[in-house]
1. Out of the DSSP beta bridges found with both residues in the chain, what percent are antiparallel (nearest 5)?
2. Can you tell me the 0 to 90 degree angle between the C-alpha axis of helix 97-107 and the longest principal axis of the chain, rounded to 10?
3. To the nearest 10 degrees, how steeply does helix 294-311 sit against the main Cα axis of the chain, on a 0 to 90 scale?
4. Taking the 0 to 90 degree range and rounding to the nearest ten, how far is the long axis of helix 187-197 tilted relative to the main principal axis of the chain, both from C-alpha atoms?
5. Determine the gain in length on full extension of the stretch Asn135-Tyr251; use 0.36 nm per residue of separation and subtract their C-alpha separation, reporting nm with one decimal.
6. Taking 1 over the mean of 1/r across every pair of different Cα atoms in region 48-122, what Kirkwood radius in Å do you get?
7. Round to the nearest 0.05 the FRET efficiency obtained for Met1 and Leu241 when R0 = 35 Å and r is the Cβ-Cβ distance.
8. Could you check the simple spin-label distance between Ser259 and Arg161, using points 7 Å along Cα→Cβ, in nm with one decimal?
Amino acid sequence: MRIVVSGAAGFVGSHFCDRLLAEGHTVVALDNYLTGRPRNLEHLGREPRFQFVEQDITLPFSIDGDVDAVANMASPASPKDYLEFPVETLDVGSIGTRRMLDLAREKNARFLLTSTSECYGDPLVHPQVETYWGNVNPVGPRSCYDESKRFAEAMTMAYHRKHGVRTTIARIFNTYGPRMKLDDGRVVPAFMDQALRGEPMTVFGDGKQTRSFCYVSDLVDGLYRLMMSDERYPVNLGNPLEMTVLEFAGYIRDLTGASSEIIFQPLPQDDPKQRKPDITKAQTILGWEPVVPLEDGLRRTVEYFRALATVA
Ligand SMILES: NC(=O)c1ccc[n+]([C@@H]2O[C@H](COP(=O)([O-])OP(=O)(O)OC[C@H]3O[C@@H](n4cnc5c(N)ncnc54)[C@H](O)[C@@H]3O)[C@@H](O)[C@H]2O)c1
């Protein structure tokens, strides 16, 4: 298959390209480097089945030749990034998603949208099932991301209903792994960065809010299966293993051998208190569930960040 991937120079997009190439497909990668980096795709420079096009997908573009699938992954994803680029985030979720849907329609290609658990906002239902409509503050600081993704989901369903595009929607929960940015403000790199520097580890609120973390190869496997499926409604992809942020900080501290103290800071506005996917649907229709143990995934991630520190 020939597959167009937007957001390819990002954390998830670059791993998805690796998986597609490993499956024998050909990849046309699009990115404008808003939050991604060339380094994430450097290893594919000599791969004949891989082509990179520097492209902002909110601007008009065209792709020559046949396309069998379109994966729309472009969007700032970390709170630090989307708070810095709120308008770009809304634009890429709305205008960018529409352009990628138009491409899928024009080429009669499958379409995958990487949506997010943030569609559930600060959820009143726990764990979150796909049928839950969410509890989102439409005017809070995070709304640029949440509403951008909710719009993207609505537009994707509209293209399916109106134009018959073979769409799929993944609601991704917290994912971690190599190629995340150390300074992107997400929990895993933030704790690792502080622990590896031997600095105090910052926990927001009392640290009793829960998160669940999925290793990136598990996520990518779920995305691949979903893109190939006929499921049109959203599917949660994430790891249901839930722990408090405080437990998690202690875990990373032990794993890195750091002696950092844990300090507490006020909780950011609209920070969700609980996050845990119900993955029954993915298990049932995709035969998918995470297989990488947290400790293995964290070790691989720590190794990546350590190696990066020696290169820098
Ligand atoms: N990583 C997670 O835990 C997580 C969780 C939920 C959802 N997601 C979704 O997965 C996708 C990838 O997330 P990520 O963690 O890899 O983020 P990332 O910031 O590492 O990657 C996003 C990529 O999109 C690119 N991009 C942004 N705007 C663009 C535009 N207008 N045109 C072209 N490229 C553009 C960026 O440069 C970057 O390379 C996003 O859609 C995100 O919403 C990720």
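1. The antiparallel fraction comes to roughly 10 percent.
2. Approximately 40 degrees, to the nearest ten.
3. That helix lies at roughly 90 degrees to the long axis.
4. Tilt relative to the chain: about 50 degrees.
5. 38.7 nm
6. Over region 48-122, the inverse of the mean reciprocal pair distance is 13.6 Å.
7. Efficiency, from the Cβ-Cβ distance: 0.60.
8. Taking the simple label geometry, Ser259 and Arg161 are separated by 6.1 nm.
The values are calculated or read from the model by the stated rules, or taken from the named source; none is laboratory data. In this text, all values refer to a predicted model and were calculated from it rather than measured experimentally. Cβ atoms come from the backbone with ideal geometry, glycine included; neighbour counts cover every protein chain shown. Side chains are part of the model used for accessible areas, which takes the heavy atoms of the whole protein and leaves out ligands, DNA and RNA. Shrake-Rupley method; radii C 1.70, N 1.55, O 1.52, S 1.80 Å.
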